[in-house]
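**Q** Just dropping this structure here.
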Amino acid sequence: MKRREFLGILGGAAGWPVVARAQQSGAMRRISVLFANAEGDLEAQSLVNITRRRLEELGWIEGRNIQIENRWTAGDNDRLRAYAAELAQLKPDVIVCEGTPLVAAMQQATRTIPIVFVNANNPIGSGFVASIARPGGNITGLVSFEPAMGGKWLETLIEIAPDVARVALIYNPQTHSGQHFQSIDSVSQARAIKAIRLPFSNAAELESGLGDFVREPKGGLLVLPDISTNLHRDLICTLAARHRLPAIYPFRRFIPGGGLAYYGANTTDMYRRLAEYVDRILKGATPADLPVQTPTKFELIINLKTAKALGLAIPPTLLARADEVIE
């Protein structure tokens, strides 16, 4: 081939789609991951590994054709803002975020880089997407909890601890979407149970609020899903044990710390599907056209050791429905 013809072909390649050029040249693709946890959080690391293994199954090998950059905010808002600005400047091919506040920070930092979220609930109300079916912008992902889940958590708690007459709802108003209150209130009214909201912003408020709550008997606990309850999960499990409160938790990661029961989306399935959306974007799909996904698999995990410590006799029918029983 003559040199002039060769240069002409190269010039025409400038108009090729970005994905096509990357596949032809074997260019390294970049994935940035923004987590709310500390880097030493073993549960969070396990979720990263689930996603990484699924990416490998799809042909994306770290160090060969993808580079994964993790950022851990450890609940620090200043660090979150700094990392969001940094990732926007780095311009990776896709950014993965866990949790509503992290997605909000990345949305402020960029309206063009594809963002895939997990555990960021109420995406329409939060302004992340125009609709579930057609997000319409640079953000899509997977929600773990639909609004009706709140009522199901309360029903499960009643089934585990039928003597409960009062339930404390633990959440941080700055990080919780509030989408579960309606379904919880509906079930609590139907079952004549008093639902008491206990907002907190730090560990001291959490301890104080629960300390006041347990002054009256027959209490139970619903831990609502948000970044703050996740970051304080060890303290919450400790306080539940100290005050002998039967509790339902929104994330599987509470169970290793002594949590009584978890009911929610299958974590492994969610993070594998997260990797599949990253794969589709790396292959040319746009977030605007990828529907927000809802859970398709749920799991119930019961910690019998904790139940025995609380003096609870778990009904055999509930144990039969459980996906995992920890003894």
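The values are calculated or read from the model by the stated rules, or taken from the named source; none is laboratory data. All values derive from a computational prediction rather than experimental measurement. Note that we place each Cβ from the backbone using ideal geometry, even for glycine, and neighbour counts take in every protein chain shown. What goes into the accessible areas is simple: the full protein's heavy atoms, side chains included, and nothing from ligands, DNA or RNA. Shrake-Rupley method; radii C 1.70, N 1.55, O 1.52, S 1.80 Å.
Residue by residue, here is whether (1) among the hydrophobic types (A, V, I, L, M, F, W, C); (2) in a helix (DSSP H, G or I); (3) open to solvent by less than 20 Å² (accessible area, probe 1.4 Å) holds:
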residue: Gly141; (1), (2), (3): no, no, yes
residue: Trp153; (1), (2), (3): yes, yes, yes
residue: Ile158; (1), (2), (3): yes, yes, yes
residue: Val164; (1), (2), (3): yes, no, yes
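**Q** Restricting to segment 176-186, what's the tally of residues that are open to solvent by less than 30 Å² (accessible area, probe 1.4 Å), in contact with a helix residue (DSSP H, G or I) (Cβ under 7 Å, 6 or more places away or on another chain) and part of a loop (DSSP other than H, G, I, E, B)?
**A** The number of residues fulfilling the criteria is 1.
**Q** So is Arg4 part of a helix (DSSP H, G or I) and either hydroxyl-bearing (Ser, Thr, Tyr) or at pLDDT 95 or above (or both) or not?
**A** Considered against the rule, which asks whether it is part of a helix (DSSP H, G or I) and either hydroxyl-bearing (Ser, Thr, Tyr) or at pLDDT 95 or above (or both), Arg4 comes out as no.
**Q** Quick check: is even one residue across segment 209-218 of a type in the set (Lys, Arg) and assigned to a loop (DSSP other than H, G, I, E, B)?
**A** Yes - at least one qualifying residue is present in segment 209-218.
Results for (1) of a type outside the set (A, V, I, L, M, F, W, C); (2) open to solvent by less than 20 Å² (accessible area, probe 1.4 Å); (3) in contact with a Ser or Thr (Cβ under 8 Å, 6 or more places away or on another chain), shown as yes or no for each residue.
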{"position": "Arg191", "(1), (2), (3)": "yes, no, no"}
{"position": "Lys194", "(1), (2), (3)": "yes, no, yes"}
{"position": "Ala203", "(1), (2), (3)": "no, no, no"}
{"position": "Ser208", "(1), (2), (3)": "yes, no, no"}
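**Q** Let me ask another. Just to verify a result, which residue in segment 214-227, among those that are out of contact with any Phe, Trp or Tyr (no Cβ under 7 Å at 6 or more places or on another chain) and buried (at least 20 other Cβ atoms within 10 Å of the Cβ), is farthest from Leu318 (Cα to Cα)?
**A** Within segment 214-227, the match that is farthest from Leu318 (Cα to Cα) is Ile227.
**Q** Then there is this: Output the residues belonging to segment 245-268 that are buried (at least 24 other Cβ atoms within 10 Å of the Cβ) and touching a residue at least 60 places away in the same chain (Cβ under 8 Å).
**A** Selection gives Ala247, Ile248, Pro250, Leu260, Ala261, Ala265.
**Q** Gly75 - would you say it is among the small types (Gly, Ala, Ser) and loosely packed, with under 15 Cβ neighbours inside 10 Å?
**A** No; evaluated as a whole, the condition is false for this residue.
**Q** Here's a follow-up. Go through (1) under 19 Å from the mean Cα position of the chain (by Cα); (2) modelled with pLDDT of 90 or more one by one and return the number of the condition Ile61 breaks.
**A** (1)
**Q** Sticking with this one: Based on what the data block shows, is Arg242 free of Cβ contacts under 8 Å to residues at least 24 places away in the same chain and under 26 Å from Leu206 (Cβ atoms)?
**A** So Arg242 fits the description; yes.
**Q** Inspect segment 89-101 for any residue being within 28 Å of Gly40 (Cα to Cα), open to solvent by 20 Å² or more (accessible area, probe 1.4 Å) and under 16 Å from the mean Cα position of the chain (by Cα) and give the result as yes or no.
**A** There is at least one residue in segment 89-101 that is within 28 Å of Gly40 (Cα to Cα), open to solvent by 20 Å² or more (accessible area, probe 1.4 Å) and under 16 Å from the mean Cα position of the chain (by Cα).
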